[in-house]
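Chemist: Quick one: the structure is below, questions incoming.
The values are calculated or read from the model by the stated rules, or taken from the named source; none is laboratory data. Treat the numbers as computed from the prediction; the structure is a model and nothing was measured. Here the Cβ is made from the backbone with ideal geometry for all residues, glycine too, and neighbour counts use every protein chain on show.
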């Protein structure tokens with residue numbers, strides 16, 4: 001009888017423990033293991049989609065909100081897609097058929113971010129230094145006075161060059177892909193838009209001499225646990241748009257981390273003390289996709305730059321023939 005009672009008690013204890021474990025598992029599911037390379041590092045390889053409707057800078061609409069709930073995010077997405085629809089714009093270069101629009105905002109820690117800038121807290125690019133303001137004004141004046149003396153006077157996108165050092169979703173619904181190839185000692189990052197390729201050595205400690213400068217900078221990387229930290233300096237310092245103020249002092253620090261097998265998180269901190277009044281940080285979550293990148297043949301069939309320059313030369317020739 002005692003043996004039967006003891007057995008019953010043990011069974012009840014087992015059922016209780018099993019039930020408790022089941023409830024805990026249901027409440028806090030075990031995270032899915034991330035893919036790893038043969039040497040045990042997180043495996044970033046594959047094609048990632050960085051499309052998002054979250055703007056780089058926070059708009060006045062969300063001035064006091066760093067994030068919004070799902071309902072407000074859904075309404076924001078609806079309005080953004082309706083506004084961007086090329087079929088509703090009579091002078092659009094392409095109709096909507098050719099676009100692959102993002103359909104969500106950037107999500108981080110179960111929040112819908114209203115800007116990809118998370119530092120400063122206002123979600124805005126910090127003010128420019130006085131030297132940077134003067135530099136930007138000088139460039140703008142030169143472009144007004146000499147809009148087509150040479151290709152360097154035109155914008156970087158016109159010249160099929162990336163206008164930003166960031167992995168920037170500026171494709172407007174096209175070319176929103178990043179392909180990563182990884183080895184134990186290198187990481188290759190190929191952005192489909194503008195066909196930008198960066199090859200990052202992993203484990204090299206020192207940067208190249210400052211006399212050697214590159215359009216995409218000189219990157220070195222090291223592992224910090226499961227996060228890959230990429231440090232980039234030695235920029236030429238020529239970009240457009242929100243980066244038109246940067247110079248050769250630009251310092252970019254990036255952190256790559258797999259949140260789960262299908263989500264890559266990238267944090268990028270921009271530090272240029274002669275351009276911005278303080279550093280600022282941008283975040284982006286990328287979704288793994290089963291597709292391939294295509295060649296971004298920017299110059300193929302593109303006669304705009306040639307026509308602009310040849311038109312300027314023809315105008316100069318005409319002016320030279322006029323009586324003085």
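Chemist: Considering only the range 152-171, I want to know if a residue exists there that is more than 27 Å from residue 294 (Cβ to Cβ), touching a residue at least 12 places away in the same chain (Cβ under 8 Å) and touching a strand residue (DSSP E or B) at 6+ places or on another chain (Cβ under 8 Å).
Modeler: No, there is no match, as no residue in the range 152-171 is more than 27 Å from residue 294 (Cβ to Cβ), touching a residue at least 12 places away in the same chain (Cβ under 8 Å) and touching a strand residue (DSSP E or B) at 6+ places or on another chain (Cβ under 8 Å).
Chemist: Over 27 Å from residue 264 (Cα atoms) and touching a residue at least 12 places away in the same chain (Cβ under 8 Å) - does that describe any residue in the range 179-197?
Modeler: The answer is no, given that none of the residues of the range 179-197 is over 27 Å from residue 264 (Cα atoms) and touching a residue at least 12 places away in the same chain (Cβ under 8 Å).
Chemist: Within the range 118-147, count every residue that is closer than 24 Å to residue 106 by Cα and not in a loop (DSSP other than H, G, I, E, B).
Modeler: Looking only at that region, the number is 2.
Chemist: Can you find even one residue in the range 202-210 that is under 20 Å from the mean Cα position of the chain (by Cα) and either within 19 Å of residue 36 (Cα to Cα) or not in a strand (DSSP E or B) (or both)?
Modeler: Checking the range 202-210: not a single residue is under 20 Å from the mean Cα position of the chain (by Cα) and either within 19 Å of residue 36 (Cα to Cα) or not in a strand (DSSP E or B) (or both).
Chemist: Follow-up question, since we're still on this one. Failed condition for residue 194, given (1) in contact with a helix residue (DSSP H, G or I) (Cβ under 9 Å, 6 or more places away or on another chain); (2) exposed (fewer than 15 other Cβ atoms within 10 Å of the Cβ); (3) assigned to a helix (DSSP H, G or I), with all others met?
Modeler: (2)
Chemist: While we're looking at this one, here's another question. Checking residue 221 against (1) surrounded by 19 or more Cβ atoms within 10 Å (Cβ to Cβ); (2) within 17 Å of the chain's Cα centre (by Cα), which test does it fail?
Modeler: Looking at each condition in turn, residue 221 falls short on (2).
Chemist: Identify all residues within the range 89-105 that are assigned to a loop (DSSP other than H, G, I, E, B) and exposed (fewer than 11 other Cβ atoms within 10 Å of the Cβ); write none if there are none.
Modeler: 90, 91, 93 - these are the residues of the range 89-105 that are assigned to a loop (DSSP other than H, G, I, E, B) and exposed (fewer than 11 other Cβ atoms within 10 Å of the Cβ).
Chemist: Only one of these is within 30 Å of residue 36 (Cβ to Cβ), at pLDDT 95 or above and either surrounded by 13 or more Cβ atoms within 10 Å (Cβ to Cβ) or under 22 Å from the mean Cα position of the chain (by Cα) (or both): 180, 125. Name it.
Modeler: The unique qualifying residue is 180.
Chemist: Give the number of residues within the range 60-83 that are buried (at least 17 other Cβ atoms within 10 Å of the Cβ) and touching a residue at least 40 places away in the same chain (Cβ under 8 Å).
Modeler: Matching residues across the range 60-83 total 3.
Chemist: Among the residues in the range 14-25, are any within 23 Å of residue 105 (Cβ to Cβ) and at pLDDT below 95?
Modeler: No: the range 14-25 contains no residue that is within 23 Å of residue 105 (Cβ to Cβ) and at pLDDT below 95.
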